[in-house]
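Heads up: the structure comes next, in structure tokens.
The values are calculated or read from the model by the stated rules, or taken from the named source; none is laboratory data. Everything numeric in this text was worked out from a predicted model, so none of it was measured. In this analysis, Cβ positions are derived from the backbone assuming ideal geometry, glycine residues included, and neighbour counts consider all displayed protein chains. Calculation scope for accessible area: heavy atoms of the full protein, side chains included, ligands and nucleic acids excluded. Shrake-Rupley method; radii C 1.70, N 1.55, O 1.52, S 1.80 Å.
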Amino acid sequence: MQSQTHVLDHSPKGAAPDWTVPQDWAHYTPEEHATWDTLFARQAKLLPGRASEAYLRGLDVLKLSKPGIPDFAELSDRLMKLTGWQVVAVPGLVPDDVFFDHMANRRFVAGNFIRRPDQLDYLEEPDVFHDVFGHVPMLADPVFADYLAAYGRGGLRALDLGALKQLSRLYWYTVEFGLIQEPEGLRIYGSGIVSSFSESKFALDDPSPNRIAFDMKRVMQTDYRIDDFQQTYFVIDSFDDLLRQTVETDFAPLYDEILGKPDITVETVLPGDTVITRGTQYYARSKLAG
Ligand SMILES: [Fe+2]
């Protein structure tokens, strides 16, 4: 996930001006590779029938089932041939302009550290498992690959237009926490869900969250949760449609229209929403009560 703005205006020691660092694959310990393998095995078993076809295909064609933390050079070779994307390592979160510039140029920035064995289920900063297992399979899909590059270009424009908060919600509710309606049923494709054991189940099966048909303007007005499961998920019809809307929308007048309006809270269902599931919000309420 990438949602913070940073005060540092220069790359950290040891990093290039574009903030990239060598992945230094040889430095991973056997324990770190084992953590990847544990997380991989758990998700690979859970995701068939839950993750979107495009995601599962990406996992397969990129040969991510090979044991151990993937070598970014090897991964980038495969990805480059498929969609022109590469995976580059960064030490942690990077400034927004750097993040968007990489993305617009088809470089996906990935954290090169892996979580500790006692953090299998939760960590705040995106590690190599979230970034590579969660995000990279979708980059093997040509349409999604174009969508993410278009998002990067849109990010650079949003910075100029003072609408970063609005645009980042589009990223959050698609790239990180998106659902898609497929012929066989609802499927997950957001990286924050596919890389999480508990949310992979919650997002599809739990009666608590709302599941609402994707609407670009509505999404960009909606708050999100960074500390727990989402209270609302947005469902796209297809990646083609998501890409088409993103490249065809004139964002500047849309930002003008929504910038002065109050945000829509995380649990709200509006009269104009196309509701797929109206959530009970039981999970979020029981947490508050507890
Ligand atoms: Fe992410």
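Based on the Cβ-Cβ distance of Val266 and Val61, what FRET efficiency does E = 1/(1 + (r/R0)^6) give at R0 = 45 Å, to the nearest 0.05? So, using R0 = 45 Å, E works out to roughly 0.80. Note on Lys81: lysines with a C-alpha under 18 Å away, same-chain residues under 8 apart excluded, are Lys63. The percentage of C-alpha pairs in segment 168-218 whose separation is greater than 12 Å is 65%. On the beta carbon distance between Tyr122 and Asp250, with R0 = 30 Å, the FRET formula returns roughly 0.15.
Which pairs break 20 Å Cα to Cα here: Lys66/Lys201; Lys217/Lys261; Lys217/Lys287; Lys45/Lys66; Lys45/Lys201; Lys45/Lys287? Checking Cα-Cα distances, Lys66/Lys201; Lys217/Lys287; Lys45/Lys287 exceed 20 Å. The label point for Asp24 and the one for Met80, both projected 7 Å from the Cα toward the Cβ, are 2.3 nm apart. Taking 0.36 nm per residue of separation and subtracting the Cα-Cα distance, full extension of the segment from Glu257 to Lys217 would add 13.5 nm.
Full extension of the chain segment joining Leu159 with Leu288 gains 43.0 nm, where the gain is 0.36 nm per residue of separation less the Cα-Cα distance. Under Stokes-Einstein, with the Kirkwood radius over Cα pairs as Rh, the value for the chain at 4 °C and 1.567 mPa s is 67 µm²/s. Counting only DSSP H runs of at least 4 residues, each contributing -39500 (n - 2.57), and dividing by the residue count of the chain, the helix-based mean residue ellipticity at 222 nm comes to -12500 deg cm²/dmol. Largest to smallest in accessible area, the residues Asp146, Asp127 fall in the order Asp146, Asp127 (1.4 Å probe, all protein chains included). Under the simplified labelling scheme, the Asp37-Asp205 pair shows an inter-label distance of 2.7 nm, with each label point 7 Å from Cα along Cα→Cβ.
Projecting the Cα atoms of Ser191, Leu204, Val219 onto the charge dipole of segment 183-245 (Cβ charges, centred on the Cα centre) puts Val219 farthest toward the positive pole. Straight Cα distances below 30 angstrom link Lys13 to the lysines Lys165, with same-chain residues fewer than 8 positions distant left out. Available extension along the chain between Asp241 and Arg278 is 11.0 nm, counting 0.36 nm per residue and deducting the alpha carbon span. For the chain, with only Lys/Arg (+1) and Asp/Glu (-1) charged at the beta-carbon, what is the dipole magnitude about the Cα centre, in debye rounded to 20? Charge dipole, the chain, about its Cα centre: 380 debye, nearest 20. Given a 1.4 Å probe and every protein chain left where it sits, what share in percent of the accessible area of segment 221-264 is carbon and sulfur? C and S atoms contribute 47 percent here.
Dividing the Cα radius of gyration of segment 117-200 by its Kirkwood radius returns 1.01 for Rg/Rh. Annotation: per residue accessible area for the chain equals 45 Å², rounded to a whole number [probe 1.4 Å, protein chains only].
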